Amino acid sequence: MTCRRHLLLFAAATLCLSASPALAADAALQAAVGSPDRAPANVARDGARHPYESLIFWGLKPKQTVIEVSPGGGYWTEILAPYAKATGGTYVAGLADLANPQISDGARKGRANFEMRFMDPAKYGTVRFVNFGPVAAPLGAAGSADLVLTARNVHNWTSQPGVADKIFADFFAVLKPGGLLAVEDHRADPKSDADKGADGYLATATVVALAEKAGFKLDATSEINANPKDTKDHPFGVWTLPPTKRTAPAGQPEDPNFDRTKYDAIGESDRMTLRFRKPS
């Protein structure tokens, strides 16, 4: 009886030890999502973007090297950088390609501002910044990253011949065998994307084809970021919806008389949430 009890206690202790890393990872991610250091405007979008659930689905884990390209306003950076710091990982941001002479002054300034914002080791650890773009050098050493994330960017690449292919090939090259590619983008389905994403929407099949052409395998899909209220039929494309809330064509002054009521009621777009894997 005593021997059996000891065996049961040993098994329970072993189970607790084996479970603790996962529990710690969840706690670290919950802490990052709930951090008071996040911008209030970003926190206000959590109901539409589901950061905790999305990152768990995409395969985020402790000690990973995570590369995010074109992080925009830093929605994911505010979560991923502190998470990497807390769990012994590395966060890398792929920003405007400073080696490209065609990059605008605005893009250069935007990168400088982003770097300054996240250059606080106490909050974010050591964030690394690399060049990213249609003619940029590799994102890092081949096979060096565990997870690459691109959120709401693919539609910007598909209208330029060869650009999306080059970028997906870069993702494939930098990931380790078995590494993961996380994609979020505005979903055209069930409509087509004959305009190649000019309205901001892409068909899921288009993104899957790009990834598979680069060598990835579709690992899983999720409806975490689905929005059935999104008709995908808006006067200024997806940018009519929050958070952009465009009221006039791009490049024109905003229209103060534009009625936003029904577009604000839709909320943020219907989005595909995809996970691809680089074969081992």
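The values are calculated or read from the model by the stated rules, or taken from the named source; none is laboratory data. Only a predicted model underlies this, so the values are computations on that prediction, with no experimental measurement involved. So basically every Cβ, Gly included, is an ideal-geometry build from the backbone, and we count neighbours across all protein chains shown.
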Residues of the stretch 222-280 that turn out to be within 30 Å of Gly143 (Cβ to Cβ) and outside any loop (DSSP other than H, G, I, E, B), as a count:
8
So in the stretch 94-132, with the set limited to residues that are acidic (Asp, Glu) and part of a helix (DSSP H, G or I), which one is nearest to the chain's Cα centre (by Cα)?
Glu115
Only one of Ala250, Ala265, Ala226 is closer than 20 Å to Ala205 by Cβ, out of contact with any Phe, Trp or Tyr (no Cβ under 7 Å at 6 or more places or on another chain) and among the hydrophobic types (A, V, I, L, M, F, W, C); which?
Ala226
Can you list residue pairs whose Cβ atoms sit under 9 Å apart, with the first residue in the stretch 152-176 being assigned to a loop (DSSP other than H, G, I, E, B) and the second being among the hydrophobic types (A, V, I, L, M, F, W, C) and surrounded by 15 or more Cβ atoms within 10 Å (Cβ to Cβ)? Count only pairs 6 or more apart in sequence or on different chains.
Arg152/Val238; Asn153/Val69; Asn153/Ile167; Asn153/Val183; Thr158/Ala164; Thr158/Leu202; Thr158/Val207; Thr158/Leu210
The correct count of residues that are crowded, with 22+ Cβ neighbours inside 10 Å and at pLDDT below 95 in the stretch 175-202 is 2
Could you figure out which of (1) more than 17 Å from Arg277 (Cβ to Cβ); (2) surrounded by 13 or more Cβ atoms within 10 Å (Cβ to Cβ); (3) touching a Lys or Arg at 6+ places or on another chain (Cβ under 8 Å) isn't true of Val154?
(3)
